[in-house]
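Below: the structure, in structure tokens.
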Amino acid sequence: MTIEVFDSRFASVARDAGPLECLCTGAAWSEGPVWMREDGAVLWSDIPNNRMLRWHAEAGMSVWREGVEFTNGHTREADGSLLHCSHGRRAIVRTRFGSGLLPLNDEVVVDRYQGRRLNSPNDIVVKRDGSIWFTDPPYGIVSDHEGHKAQSELGRNHVFRFDPASGALRSVSDFVEEPNGLAFSPDESLLYVSDTSAALRTDGSGHHHIVAFDVIGGQDLGNPRVFAVVEPGLADGFRVDVHGFVYTSSADSVQVYHPDGTRMARIAVPEKVGNLTFGGSDGNELYVCASTSLYRIRLNTRGAAGA
């Protein structure tokens, strides 16, 4: 069974769900999928191979761009621009498009905090007010496998808020030891951030949970608490649907949590899951980046705005 339902509140979402489809394979490690609605395609990162891939229902999989400086998470801005988390450039990078989604130019949005280089931005979301929120763990600088090995200039790992209007970058939290995926609740009153500090440790220490923060005044975070401990594996990345249900990666599945923290369902995936996004013309298709492949499952729900 592709979907195991543990809570009746998820039954309507699972009802008439399609099968899990493997759309394509051939990546080294798939991350950061983003739905390109104008093109009816998914873009995602193959980080160790330093390239971005594209899947389209008619064209299949192709290489979208190479030499992308180890991009990881992506999201869209209101004007359609594509934001990248670049491990290699240790920056948030913006791609603007011309007609037909032809990339026109890349520009560095932000790469320093208080005069020091960022670690390696990992995942990113845009709030409805246009502010850009992203995580900055060390994974792109610990080796040359997914970036360029270097020392951290910050000494800590932050969740940042960048205001494009003023150009101001603020740390909104350093509570999470190694922040990774992040997503807002549908009403943007909560920000979920995963802590994957167990990823690089062999002694069993570190975290593999999601932290929930209250969003205060639209610009600050407070009241951090553990929302869910994800196992097996890690909550590398996740997205939220219109019901506020949290769909997170793990080692063997996409796991689904209610806003009250109850694990409601498990969508089995035959490879380790890295990240996911909602897409499709109706917003009801869940695209899953899992190790070497891109998968899709149609659900009876839609992604929340920005998911």
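The values are calculated or read from the model by the stated rules, or taken from the named source; none is laboratory data. Not measured: the values here are computed from a predicted model. Heads up, the Cβs are rebuilt from the backbone with ideal geometry, glycines too, and the neighbour counts pull from every protein chain shown. Keep in mind that these areas ignore ligands, DNA and RNA; they rest on the heavy atoms of the full protein, side chains included. Shrake-Rupley method; radii C 1.70, N 1.55, O 1.52, S 1.80 Å.
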Inset, instruction - May I ask you to list the residues in the stretch 152-195 that are touching a Pro at 6+ places or on another chain (Cβ under 9 Å), under 21 Å from A91 (Cβ atoms) and crowded, with 19+ Cβ neighbours inside 10 Å? - result: N157, H158, V159, F160, S173, V176, E178, P179, N180, V193
Inset, instruction - Working carefully through the options D144, D136, find the one that is open to solvent by 40 Å² or more (accessible area, probe 1.4 Å) and among the acidic types (D, E). - result: D144
Inset, instruction - Just need a number here: residues in the stretch 232-268 that are aliphatic (A, V, I, L, M), under 25 Å from A27 (Cα atoms) and open to solvent by 10 Å² or more (accessible area, probe 1.4 Å). - result: 3
Inset, instruction - Just name the residue that is surrounded by the fewest Cβ atoms within 10 Å (Cβ to Cβ) out of those in the stretch 46-96 that are farther than 22 Å from S293 by Cα and small (G, A, S). - result: A78
Inset, instruction - Working carefully through the options G115, G26, find the one that is open to solvent by 10 Å² or more (accessible area, probe 1.4 Å), farther than 22 Å from T248 by Cα, without any contact (Cβ under 8 Å) to a residue 24 or more places away in the chain and not β-branched (V, I, T). - result: G115
Legend entry - Qualifying residues in the stretch 154-171 (those that are of a type in the set (G, A, S) and part of a strand (DSSP E or B)) - the one nearest to S194 (Cα to Cα): S171
Legend entry - Residue in the stretch 2-10 that is without any contact (Cβ under 8 Å) to a residue 60 or more places away in the chain and either closer than 25 Å to M264 by Cβ or in contact with a Ser or Thr (Cβ under 9 Å, 6 or more places away or on another chain) (or both) present: yes
